[in-house]
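J.: Can you keep this structure in mind? I'll have questions shortly.
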Amino acid sequence: LLPVEGVFTALVIRTTDSAGNEPPTSAEKASDVWFGTHDLEFAENQNSMSSLYDQCSGGKLTFVPAIGNNVIDGVFEFTVNQDLTGMGINDAGNFIIREFLKVNAELGLQFDAYSVICPNGVQGSGGIAGIGGSHQFYGGGAERSLDVVVHEFGHNIGMHHSGVPNEGQYDDNSCMMGCCAGAQQMCFNSAKSWYTG
């Protein structure tokens, strides 16, 4: 579980597989969506994930780009020795993590949270994150969507989906944990805003 206060480093792992499949999102665009490192030139968003969490928490929760060997603007370009075509996002993400952790034993990159962007050919589109985990998986270009990235990081800090009783787990239109394809300025509902400060 990531704490809801503090400054935390985040690493984006942009993955290419052995068949040469890579994500549809460039490293520059991913860095912009996560951190706004290129003044949102590539992101097509009004905010970055980091700036939105900073705003929504009243400055109490901020994510900054990880640094280290071969990390550029918080993004690490990683190639796995397997063709991931046909694998689902979760299976591919777990495979990538296992391979990355082996490499990182030598690299020694330091980070609090990490995001795995799966290459084209991985089945499915969207984001996956565990409640209280420290990582997320993205596939099918979902990493380009600010609302998806903010939502998945919300799971990492302990937030569940925001639904409406008798309607559905995503039906709270006042919260990034409930809705909002294309949302740019939205934060969280009152309960989750209280939780994040």
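Only the coordinates and a few stated rules stand behind these numbers; no lab work does. Because the structure is a prediction, the values reported are computed rather than measured. We place every Cβ from the backbone using ideal geometry, glycine too, and count neighbours over all the protein chains shown.
J.: Please find the FRET efficiency linking Gln110 to Thr85, where r is the Cβ-Cβ separation and R0 is fixed at 45 Å, and quote it to the nearest 0.05.
T.: Numbers: r = 32 Å, r/R0 = 0.71.
E between Gln110 and Thr85, to the nearest 0.05, is 0.90.
J.: Based on the alpha-carbon gyration tensor of the range 25-104, what equivalent-ellipsoid semi-axes (square roots of 5 times the eigenvalues) come out, in whole Å, largest first? Walk me through the intermediate numbers first.
T.: Numbers: eigenvalues 144, 40, 37 Å².
Semi-axes (√(5λ), whole Å): 27, 14, 14.
J.: Assuming 1.002 mPa s and 20 °C, estimate D for the range 24-181 with Stokes-Einstein, Rh taken as the Kirkwood radius over Cα pairs, in µm²/s. Please report the intermediate quantities before stating the final value.
T.: Values: Rh = 16.2 Å.
Approximately 132 µm²/s, per Stokes-Einstein.
J.: Val64's amide H: which non-local residues (gap 5+, or another chain) put their own amide H closer than 5 Å, with H modeled 1.01 Å from N in plane and none for Pro or chain starts?
T.: Excluding prolines and chain starts, which carry no amide H, the hits are Phe8, Thr9, Ala10.
J.: Here's something else I'd like to know. Taking only complete DSSP H runs, can you tell me which helices of the chain stretch 20 Å or more along their own long axis by Cα positions and average at least -1.0 on the Kyte-Doolittle scale?
T.: Working: long enough: 89-107 (26 Å, 0.25).
Span-like helices, by this rule, are 89-107.
J.: If you don't mind, there's one more thing I want to ask. Can you compute the label reach from Thr16? Point 7 Å from Cα along the Cβ direction, backbone N cut-off under 17 Å, restricted to the range 113-148.
T.: Inside the label zone: 117-122.
J.: Where in the range 115-146 does the amide nitrogen come within less than 12 Å of the point 7 Å from the Cα of Leu101, taken along Cα to Cβ?
T.: 134-135
J.: Taking 8 Å as the Cα distance limit and 6 or more residues as the minimum spacing, I'd like the relative contact order of the chain as a percentage. If you can, show how the numbers build up before the last one.
T.: On the way: 464 pairs, mean separation 50.0, N = 197.
Computed value for the chain: 25 percent relative contact order.
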